[in-house]
């Protein structure tokens, strides 16, 4: 009984913690987007990004979602997407393509600082995530368009109502508060689901099943456990371990680059897609397709990195992190 109470308290604490992170991230972005919509700034930015979004079959206005996702976070991107619903009609395919790209390439200034601390070129690591993300968006849109799949309008049944262009600030405030209230219960359900997966050792099983794929990418046996931590749980977890191992000289420089490259384009494999699916993305693109595409991309990239001459590798991809100075 005591263990059940402790588990419930832990779930509640984790849910509140994640919800607070989302609130701190999303609310300022939602306010800024609302102001931008009042002055027509969203339309102007959409015009600038229209050629890029057109490559993926997405409306120009969704360029703001991508831009915010690249620079800030996945939660901020979702906040923007909800905010621009009055401006553009999105299909399930559109939302899946858009949020799947964000899953691969998001928070580049913050997250890629982890790679930089491990010695990897910021330009390479950020460029890799951007190129892989956009490439996946193009391929995924082509698949959905050719097959005529997921073309129905995106509808989030848990939204209090769909915002409109002529709503007042008071109505917008009510909608935003209702949205956040509904999100808390979604987060609570997500945390409970993740705890159940952990309880029945599903995450351990996934790690065991997926580890052979890392060999195909050129990642050694020594780097496999750490890489799987990052892939399943998140870049901050796996990246921190990689930094420690790199500084202690336990991993080769190419292992560091390959491991963090794969973590960069495919991390938080369980939690992040579930959040995006709650906001309308389909599992076929946000989870399965993303994983398959990232494995295929890293298989090719891994071979190219392994073939690079040492001097070229050290010049463009990797510069060893300086070990900490001893005290005294």
Item to check | Options 140, 150; residue that is in a loop (DSSP other than H, G, I, E, B) and modelled with pLDDT of 80 or more | outcome: 150
Checklist outcome for this item: The residue from 274, 287, 260 that alone is within 20 Å of residue 210 (Cβ to Cβ) and either in a loop (DSSP other than H, G, I, E, B) or in contact with a strand residue (DSSP E or B) (Cβ under 8 Å, 6 or more places away or on another chain) (or both) is 260
Next on the checklist: Please go through the stretch 49-66 and give me each residue that is in contact with a helix residue (DSSP H, G or I) (Cβ under 7 Å, 6 or more places away or on another chain) and either in a helix (DSSP H, G or I) or closer than 16 Å to residue 275 by Cβ (or both), ordered by number.
Outcome noted: 49, 50, 52, 53, 55, 60, 61, 62, 63, 64, 65, 66
Next on the checklist: Can you confirm whether residue 312 is farther than 19 Å from residue 224 by Cβ and at pLDDT below 95?
Outcome noted: yes
Item to check | Out of 242, 226, sole residue that is touching a residue at least 12 places away in the same chain (Cβ under 8 Å), within 18 Å of residue 202 (Cα to Cα) and surrounded by 22 or more Cβ atoms within 10 Å (Cβ to Cβ) | outcome: 226
Item to check | Which listed residue is on the phi > 0 side of the Ramachandran plot, modelled with pLDDT of 90 or more and over 18 Å from the mean Cα position of the chain (by Cα), from 57, 40, 119 | outcome: 57
Checklist entry - Among the listed residues 127, 133, which satisfies the condition of being within 18 Å of the chain's Cα centre (by Cα), in a helix (DSSP H, G or I) and without any contact (Cβ under 8 Å) to a residue 40 or more places away in the chain? => result 127
Checklist outcome for this item: Exception for residue 323 within (1) over 25 Å from the mean Cα position of the chain (by Cα); (2) at pLDDT below 90; (3) assigned to a helix (DSSP H, G or I) falls at (3)
Item to check | Top-ranked residue of the stretch 81-104 - restricted to ones that are in a loop (DSSP other than H, G, I, E, B) and touching a residue at least 60 places away in the same chain (Cβ under 8 Å), ranked as surrounded by the most Cβ atoms within 10 Å (Cβ to Cβ) | outcome: 90
Checklist outcome for this item: Filtering the stretch 187-207 down to residues that are within 26 Å of residue 80 (Cα to Cα) and surrounded by fewer than 15 Cβ atoms within 10 Å (Cβ to Cβ) yields 189
Item to check | In the stretch 8-22, residue nearest to the chain's Cα centre (by Cα) [restricted to those that are more than 24 Å from residue 101 (Cβ to Cβ) and surrounded by 13 or more Cβ atoms within 10 Å (Cβ to Cβ)] | outcome: 19
Checklist outcome for this item: Over the stretch 23-45, the set of residues loosely packed, with under 13 Cβ neighbours inside 10 Å and either touching a helix residue (DSSP H, G or I) at 6+ places or on another chain (Cβ under 7 Å) or within 29 Å of residue 185 (Cα to Cα) (or both) is 24, 35
Checklist outcome for this item: Over the stretch 281-298, the set of residues free of Cβ contacts under 8 Å to residues at least 24 places away in the same chain and surrounded by fewer than 20 Cβ atoms within 10 Å (Cβ to Cβ) is 283, 288, 292, 296
Checklist outcome for this item: Here the residues within the stretch 245-257 that are touching a strand residue (DSSP E or B) at 6+ places or on another chain (Cβ under 7 Å) and surrounded by fewer than 21 Cβ atoms within 10 Å (Cβ to Cβ) are 253
Next on the checklist: Among the residues of the stretch 296-320, what is the count of those that are within 21 Å of the chain's Cα centre (by Cα) and over 24 Å from residue 243 (Cβ atoms)?
Outcome noted: 2
Checklist entry - Considering the stretch 133-146 alone, what residues qualify as being under 28 Å from residue 313 (Cβ atoms) and buried (at least 23 other Cβ atoms within 10 Å of the Cβ)? => result 133, 136
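The values are calculated or read from the model by the stated rules, or taken from the named source; none is laboratory data. In this text the structure is predicted, and so the values were computed from the model without any measurement. As a convention, Cβ positions derive from the backbone with ideal geometry for all residues, glycine included, and neighbour counts pool all protein chains shown.
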